[in-house]
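> Quick one: structure below, then a few questions.
The values are calculated or read from the model by the stated rules, or taken from the named source; none is laboratory data. Note that the structure is predicted; figures quoted are calculated from it, not measured. Using ideal geometry, Cβ is built from the backbone for each residue, glycine included, and neighbour counts are taken over all protein chains shown.
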Amino acid sequence: MASRILLLYAHPSSDRSEINQRMFQSAQSIEGVTCVDLYAEYPTFQIDIDVEQQRLREHDIIIFQFPMYWYSTPAILKEWQDLVLEYGFAYGHEGNALRDKYFFCALSAGGNESAYKAQGYNHFTIAQLLQPLEQTASLTQMRYLPPFALFGSRTALDEGRVEAHLDKWRRLLNALHHQRFDFAKAKSCKLMLSEFENAVSQEQVSL
Amino acid sequence: MTIYFIQAFIYLIAAVIAVPLAKRFGLGSVLGYLIAGVVIGPVVGLVGDETTTIQHFAEFGVVMMLFLVGLELEPKMLWSMRHRLLGLGGLQVFLTAASAAGLGLLFDLPWTVAVTIGLIFSLSSTAIVLQTLQEKGLMSSDAGRSAFSVLLFQDIAVIPMLAFIPLLALPELVEAAASLQVAAEHHEELNLLAGLPGWAYAIALFSSIAAVVVGGHYLSRPIFKYVASAGLREISTAAALALVIGIAALMSLVGLSPALGTFLAGVVLANSEFRHELESNIEPFKGLLLGLFFITVGAGIDFGILFSEFGLIIGLTLGLIALKAGILLLLSFPFKVKGSDRWLFALSLAQAGEFGFVLLSFSTQNHALPLDISQRLSLVVALSMLLTPALFIAFERLILPIYEKRQSKTQEPDKVDDQGPVLVAGTGRFGQIVNRLLAANDVKTIVFDQSLSAIEVMRNIGIKSYFGDATRMDLLETAGVGQASLFVVAIDDRQRATELVLELKHAYPKLKILARSYDRGHQYELRQAGADYVVNETYYSALEMAQQSMIELGMHPFKATGLRNSFAKTEEKSRDILYETWLASTEDNKFNANYRELFMQFEDALRNANKRERNEGHSLERSWTPPPKGYAEEFE
């Protein structure tokens, strides 16, 4: 068995992107990943709810990929949540379509990791800032995983950190698809980035 | 009369048979003409002495070619490539000419002959190289751009060469000619200025060049406007021919090169809105005459010499290719043409060219070269051109693989920044908006319209636009429809719009076509003709109007937008089915009862789409809807 991955990518200015666009492009060549560029597909925000719900049904792992804006997702991902996660589909009476799927965010953040701490100027950790999404996953009966994050994204290119990040990203997607990923281990991390190596195993892990 | 018909037929049929064959084997049209000439001349013997006479006539094709080269040369473009043009091109011509002349001196040739040979060998074949590079999609590579600069410089350099070569005439040849009266027809040409003193001659020369430049700039517009007002195609062809021939006549009258005059006129008109119209009118004449010229060159090849001096001719040919390639390779270093591009650049330009033939026959006429040498040299030029496809093959099979292996796998391919232009046919109320939005975002567009006033408006606001009937394929071809990345059909004549789409799709199946339709029926016709995207000229503005009406009636703007969008979506869904029904109908009136019924069904669906609300609160409109009241208790 292989897991089917749905990558929902949101970047409102992908031609300026230094990290996310390349992550999205490299994901396209990985088996088992369905790549959706939300801003390209819905340039006027007219999200097709039926299409999106069907996509969710057909996948086991859902990823939001985005640059972090004002401690949250870019606007279209919020619109996507508002429209697609309908009552009766994602939650509420008979709203079980997402039950037991895995969910996590792959994001880039402008500040350094040290900024996302109680003592740092952002005061909260990435994990804390993503709590609304964590709770959304919880209400929709999905299993939430810690985020796969790149810090200091505006200087990553100059400092030559992008290639290594892309490499990790590809290995993560491959491991997820081939079920060589230990979700139990990953769950205990605060960030998948630093410790996900431990969660990738050589053999298949039962879900 | 009969004999002319027969001759004309022989030339034409030879070209018709040989050129397509040559193209099929990847040899290019120039070689096809040469081969045709070889077959009807030395091999079969169908044509004989008259080739020389025809050749003089056919040389007018070269004059036309230089006019067209001039037309392509916008001052701005020239400026942006000045370094490569002057540096690379200039050095290539100078070094090749100098070293070939030097080698000539080693063989004990008189210096004038050696210099003439050097000049002839310094030129490469614009026709073969540009065509091959274009066919292989290499024009935007570094090698392609460099090669183009060099070829352009050579094309321009031909003009001073034509002026310079008569000065190299060999006195003994001139004397012999005079006594034999061979060159009578060439040297007793009408020259108005023969008896004038030096200063008056200089003034006359200067003023005739000034006449071409000033007249081209100021007089051409009113004249072409007047011609355009007639709306007759043959008259605009006649005007274009009259322009070129008139300038050639003027230049001959004052004893200047006709090629120089027409080239200048071309440059002056390069920015004109009539440029593509002129090009498409002259192009077929130029093509035929140049073809004729190459045939006569082929017919003039002396196989007796080739076979009796086989070693010498082959040796000279290979030596020439090696010399030219060597110099080009050398030049690629300071001009930073790197990697496999360096080899492509060197090998592609290593042959002698069609202008070599022109200079050869010109030099012989002007007694700068003895006939026996020029016969051998024309064999060398022809053979070096024949070998060009082999050099390209050598590049692809032997050199490219080496560089491809060297390139690391992780390296991503270069971004293709050289996007072809967007051609917009029609710049009236519709096309104008399309073009303005594209142009405002630095998309290169080329605009055509049949209305001169529309063109003037566009030109006034600095948008490149040309006068001409955009449904004429030859016009579009000269404007570069082959390289276009998109084609927007925005002309308001329904019939002609559909025909244009049909023709474009037929000639360029890969070209993406976006078309404006008049109404629903026209939309289907355009779609059937092969348009990739069709938009009704009134549809979106009507939607906008309806949305605004709902807002005026007091509806919340966001809700009105949502309703408009769901209307458009439902409409879009029905589009394909309605089209299929329309297409399947065999009746004359394709909007038959069947279609009408289906249409009414979709109308009902539209009407209901925005009304119907699902019990749970989700309307078909699928915008945001609240969860049912009291849902929160489920989670307690």
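> Mind telling me which of the residues B:Gly266, B:Gly261, B:Gly255, B:Gly311 ends up being farther than 30 Å from B:Ile10 by Cβ, in the same structural domain as B:Met161 (by TED's automatic domain parsing) and out of contact with any helix residue (DSSP H, G or I) (no Cβ under 9 Å at 6 or more places or on another chain)?
Numbers: B:Gly266 fails: out of contact with any helix residue (DSSP H, G or I) (no Cβ under 9 Å at 6 or more places or on another chain); B:Gly261 fails: out of contact with any helix residue (DSSP H, G or I) (no Cβ under 9 Å at 6 or more places or on another chain); B:Gly255 fails: out of contact with any helix residue (DSSP H, G or I) (no Cβ under 9 Å at 6 or more places or on another chain).
Testing whether each residue is farther than 30 Å from B:Ile10 by Cβ, in the same structural domain as B:Met161 (by TED's automatic domain parsing) and out of contact with any helix residue (DSSP H, G or I) (no Cβ under 9 Å at 6 or more places or on another chain) leaves just B:Gly311.
> Would you call A:Phe124 of a type in the set (A, V, I, L, M, F, W, C) and either within 14 Å of another protein chain (Cβ to nearest Cβ) or touching a Lys or Arg at 6+ places or on another chain (Cβ under 9 Å) (or both)?
Criteria met by A:Phe124.
> Give the range A:77-93 a look and list any residue that's touching a helix residue (DSSP H, G or I) at 6+ places or on another chain (Cβ under 8 Å) and within 14 Å of chain B (Cβ to nearest Cβ), or say none.
Keep residues of the range A:77-93 that are touching a helix residue (DSSP H, G or I) at 6+ places or on another chain (Cβ under 8 Å), which gives A:77, A:80-81, A:83-87, A:89-93.
Once the filter is applied, which keeps residues that are touching a helix residue (DSSP H, G or I) at 6+ places or on another chain (Cβ under 8 Å) and within 14 Å of chain B (Cβ to nearest Cβ), the range A:77-93 yields A:Trp80, A:Gln81, A:Leu83, A:Val84, A:Leu85, A:Glu86, A:Tyr87, A:Phe89, A:Ala90, A:Tyr91, A:Gly92, A:His93.
> Being buried (at least 20 other Cβ atoms within 10 Å of the Cβ), touching a strand residue (DSSP E or B) at 6+ places or on another chain (Cβ under 8 Å) and modelled with pLDDT of 90 or more: is that true of A:Leu107 here?
Numbers: buried (at least 20 other Cβ atoms within 10 Å of the Cβ): yes; touching a strand residue (DSSP E or B) at 6+ places or on another chain (Cβ under 8 Å): yes; modelled with pLDDT of 90 or more: yes.
Criteria met by A:Leu107.
> Being surrounded by fewer than 17 Cβ atoms within 10 Å (Cβ to Cβ) and either within 14 Å of chain B (Cβ to nearest Cβ) or in a loop (DSSP other than H, G, I, E, B) (or both) is the filter here; which residues of the range A:43-57 pass it?
A:Pro43, A:Thr44, A:Phe45, A:Asp48, A:Asp50, A:Val51, A:Gln54
> For the range B:432-455, give me each residue that is within 19 Å of B:Ala484 (Cα to Cα), buried (at least 19 other Cβ atoms within 10 Å of the Cβ) and in contact with a helix residue (DSSP H, G or I) (Cβ under 9 Å, 6 or more places away or on another chain).
Taking the range B:432-455 and keeping what is within 19 Å of B:Ala484 (Cα to Cα), we get B:432, B:434-449.
If we keep only those that are buried (at least 19 other Cβ atoms within 10 Å of the Cβ) too, we end up with B:432, B:434-435, B:438-439, B:445-449.
Result: B:Gln432, B:Asn435, B:Thr445, B:Ile446, B:Val447, B:Phe448, B:Asp449.
> Which condition does A:Gln25 not pass, out of (1) free of Cβ contacts under 8 Å to residues at least 40 places away in the same chain; (2) within 21 Å of A:Glu134 (Cα to Cα); (3) within 14 Å of chain B (Cβ to nearest Cβ), if it passes all the others?
Unmet for A:Gln25, out of (1) free of Cβ contacts under 8 Å to residues at least 40 places away in the same chain; (2) within 21 Å of A:Glu134 (Cα to Cα); (3) within 14 Å of chain B (Cβ to nearest Cβ): (2).
> Same structure again: If I ask for residues that are under 18 Å from A:Ile61 (Cα atoms), among the hydrophobic types (A, V, I, L, M, F, W, C) and assigned to a loop (DSSP other than H, G, I, E, B), which ones from the range A:75-129 would you list?
The answer is A:Leu85, A:Phe89, A:Ala90, A:Ala97, A:Leu98.
> Next question, about the same structure. Counting only residues that are modelled with pLDDT of 85 or more, give me the helices (runs of 4 or more DSSP H) lying completely in the range B:58-174 with at least 1 of them.
On the way: elements: B:60-72, B:75-80, B:90-106, B:111-122, B:126-135, B:142-164.
By residue number, B:60-72, B:90-106, B:111-122, B:142-164.
> For A:Tyr121, only one of the following conditions fails: (1) touching a strand residue (DSSP E or B) at 6+ places or on another chain (Cβ under 7 Å); (2) surrounded by fewer than 18 Cβ atoms within 10 Å (Cβ to Cβ); (3) among the hydroxyl-bearing types (Ser, Thr, Tyr). What is its number?
Here A:Tyr121 meets the rest and fails (1).
> Can you tell me which of (1) among the acidic types (Asp, Glu); (2) at positive phi; (3) within 14 Å of chain B (Cβ to nearest Cβ) is the one A:Asp100 doesn't meet?
(3)
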